[in-house]
1. Considering the stretch 104-143 alone, what residues qualify as being in contact with a strand residue (DSSP E or B) (Cβ under 9 Å, 6 or more places away or on another chain), modelled with pLDDT under 85 and not in a loop (DSSP other than H, G, I, E, B)?
2. If we scan the stretch 46-69, do we find a residue that is surrounded by fewer than 19 Cβ atoms within 10 Å (Cβ to Cβ), in a strand (DSSP E or B) and touching an Asp or Glu at 6+ places or on another chain (Cβ under 8 Å)?
3. Give me the residue from the stretch 70-96 that is small (Gly, Ala, Ser) and more than 20 Å from MET134 (Cα to Cα) and, out of that set, surrounded by the most Cβ atoms within 10 Å (Cβ to Cβ).
4. Of the residues in the stretch 64-92, how many are over 20 Å from SER102 (Cβ atoms) and of a type outside the set (Gly, Ala, Ser)?
5. Please work out which residue is surrounded by the fewest Cβ atoms within 10 Å (Cβ to Cβ), limiting yourself to the stretch 105-134 and to residues that are of a type in the set (S, T, N, Q) and under 13 Å from GLU82 (Cα atoms).
Amino acid sequence: MRNDNKKTVLVGVFVLIGIIILVAGIMTLGGQQKKFVKSISLKAVFDDVAGLQTGNNVWFSGVKIGTVKKINFYGDSQVEIEMNVESKSKEYIRKDSKATISSDGLIGNKIIVIYGGTSQAPVVENGDRLISEMPLDTDKMMETLQENNKNLVSITNDLKILTGKIADGEGIIGAVLTDSTLAVNFRSILLNLERTAIRSNQMANDLSKLSASLNQEGNLVHDLLTDQEMYGNLQKSIIDLQSTADNAKQMTDNLNIVTNKLNGTDNAIGTLLNDPAFNETLKSTFINLDSSTMNLNRGLEALEYTWPFRRGFKRMNKANEN
């Protein structure tokens, strides 16, 4: 009898423990599923839910705020998601907030993520429908990734061929990297560039010193730039030089006119200098004049011996002797 009572107590204890575990599990699952908290219903319509299931979590700003209650077909080919969201979190969700489908980790379960919204928009109410935004299609992402992998392999092969040619000394880059003569020439060019840079810096310093010296008081350039009286005198001198140049130009023009007239035959001097016929006539005249002069001298000499003038010439010669 005592053994039967003992068995009954043990069975009761195990039954009680099972009930406690069952209740604890129900409470835990209910807490995770937000079954025992006050909630509101929000909806969103997607073209593709990408494997989302009833009971998956709803997140907002990294915090779990609810679960997926129902998944229903909507319209022709869309899907409407109904979510249970904690009432205490609705004040942070605005009517212009958006809902999208994401993953809990890299390959985890699908979740609903609510984000965005502006402070100007009112808070959501029970039964509101949020703006849905389609997530990135993982299949398309994988296709793009595979295509990128193919391109990367092609680029790697081309790079391998290119580096092989460079290592063999082919092409300009290969020649530069492998030819010691080109390396020496390149170093020489760099050395010359460095010397040129040093000379340029030295020239810049010299120009700076020169400009500083030109700006010192007492310097001619400084006085020309700053002394108004000297500037006026210099300007006056330039005007006088300009006037002299104008006069010289006018004199040159007059000399050109005189020269042109001397080169012509419409005046006496021009005719004397440029007319060949007149020159021949003048030359003939001088010849005749010379001949006449000689004849006159001969006549005068002969006149000394003529009878009427002989006695007069004798007296003149005697007077000269005395």
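1. THR138
2. No, every residue in the stretch 46-69 fails to be surrounded by fewer than 19 Cβ atoms within 10 Å (Cβ to Cβ), in a strand (DSSP E or B) and touching an Asp or Glu at 6+ places or on another chain (Cβ under 8 Å).
3. We begin by selecting, within the stretch 70-96, every residue small (Gly, Ala, Ser); these are 75, 77, 87, 89.
Checking the rest, the ones that are also more than 20 Å from MET134 (Cα to Cα) come to 87, 89.
Working: SER87: 14, SER89: 19.
My answer is SER89.
4. Summing the residues that are over 20 Å from SER102 (Cβ atoms) and of a type outside the set (Gly, Ala, Ser) in the stretch 64-92 gives 7.
5. ASN126
The values are calculated or read from the model by the stated rules, or taken from the named source; none is laboratory data. Only a predicted model underlies this, so the values are computations on that prediction, with no experimental measurement involved. Note that each Cβ is placed from the backbone with ideal geometry, even for glycine, and that neighbours are counted across all protein chains shown.
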